[in-house]
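One structure below.
The values are calculated or read from the model by the stated rules, or taken from the named source; none is laboratory data. All values reported here derive from a predicted model rather than from experimental measurement. All Cβ positions, glycine included, derive from the backbone under ideal geometry; neighbour counts span all protein chains shown. Ligands, DNA and RNA are excluded from the accessible area calculation, which covers all protein heavy atoms including side chains. Shrake-Rupley method; radii C 1.70, N 1.55, O 1.52, S 1.80 Å.
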Amino acid sequence: MKKEIGILSLLLFLCGVSSCKEKSLSYQIPEKENHIIGEIWKNANDISLYTDVEITDSYYVFTEYENEGLLHVYDKNNPSAELASAIHGREATGLVSVEFVKSNTRYPSESDDVWIIDNKSRLKQVRCKKDSLMVVRDIALPANLNRSIDYNITKDEFYGVPSVGERNKTFYFFHPDSGYYWIDMYDMDKKRYNKNDFAYYSNLIVHEKRESIVCAYRFFNKIQFFDLRGNIIKDIFYGKDRIEPKDNSVEISDFKDNLKCFIDICATDQYVFCVYDGSYDYTNLSKIMIFKWDGIHVKTLQTDRIIKSIAVDKLNSYILALTANEFKGRDIVRYKLDKL
């Protein structure tokens, strides 16, 4: 009898442990925000329409909408003068169309280097100086690597999100020898899309040392944390009501029928920052949700502006944001961060 009671107690204990693990896997973020006010670092009146931003030790570096082969560099302490730009062209050191690499642990960098993908085909290390930009390393991407967004490069693999969509898949990791390994959105096995290739479109960032991948979905109010093999760590739901995209055929330039959730992501060694929109036409004042790399929610910030893209300094002391203004330009705004 005592033996049977002991076995029963063990089974109940194991069920309790399993239940706790399942409970800790998924959680909901309440709609509770800390309001923050930004200060304009540079007004959009005299600058191009910038699309993305990176922060180095000394500089702010921007990509441009009109001239995709340009990088704009400013001293952090002097918004009035642009220091350097890369000339659009096909010369050996010229750039054709650039986007920042989200993370890179394969190749060493100096403090004022930025890593870019040029023309969806080459990885380039660009060194920023007061009077010049210099391509110090130029590496061809694998020929069979998909054209993607949010490239992340680890010691052995590439991680990314296909820029033309991939039906019922959200991101991949790729090794030239073994090929692709595709990752599905967690807990959506029963929800299949037949027409919408972009349903699971996401913003992706990887931290190899912390063995963590963060996937913030464009059309679901979901953020999911995975390990480097694509196993789920945290499944996070924001808000009261579930948001899902429609199963309609869409083009990459036309998502008007789907409400937009997470539209940008960036990170430091300590934290992950996700920009939330919550409108159909990118007109809501933005929220920024902050997490630790293990998926624990730290806080949500309600901003005073419509944010398009962000970067955070490595000390987690401020957010630099590209924000829409009433004249269809993009002001550069700094938000001071209190201690996280």
### Query
Can you name the condition, by its number, that residue 169 falls short on among (1) over 18 Å from residue 247 (Cα atoms); (2) in contact with a strand residue (DSSP E or B) (Cβ under 6 Å, 6 or more places away or on another chain); (3) open to solvent by 20 Å² or more (accessible area, probe 1.4 Å)?
(1)
#### Entry: Selection from region 48-73 of residues that are open to solvent by 20 Å² or more (accessible area, probe 1.4 Å), in contact (Cβ under 8 Å) with a residue 40 or more places away in the chain and among the hydrophobic types (A, V, I, L, M, F, W, C)
49, 55
### Message
When you check residue 111 against the structure, is it over 30 Å from residue 210 (Cβ atoms) and either free of Cβ contacts under 8 Å to residues at least 60 places away in the same chain or part of a loop (DSSP other than H, G, I, E, B) (or both), yes or no?
### Response
no
### Query
Is it the case that some residue within region 313-332 is closer than 25 Å to residue 27 by Cβ and in contact with an Asp or Glu (Cβ under 7 Å, 6 or more places away or on another chain)?
no
### Task
Out of the residues in region 269-287 that are more than 15 Å from residue 225 (Cα to Cα) and of a type in the set (S, T, N, Q), state the one that is surrounded by the most Cβ atoms within 10 Å (Cβ to Cβ).
286
### Summary
Scanning region 114-135 for residues that are loosely packed, with under 15 Cβ neighbours inside 10 Å and either in a loop (DSSP other than H, G, I, E, B) or of a type in the set (D, E, K, R) (or both) gives 121, 129, 130, 131, 132
### Residues located in region 25-45, provided they are under 29 Å from residue 78 (Cα atoms) and open to solvent by less than 50 Å² (accessible area, probe 1.4 Å)
36, 38, 41, 42, 44
#### Entry: Those residues of region 136-148 which are surrounded by fewer than 18 Cβ atoms within 10 Å (Cβ to Cβ) and not in a loop (DSSP other than H, G, I, E, B), in sequence order
136, 137, 138, 139, 140
### Residues of region 230-257 that turn out to be in a loop (DSSP other than H, G, I, E, B) and within 15 Å of residue 170 (Cβ to Cβ), as a count
4
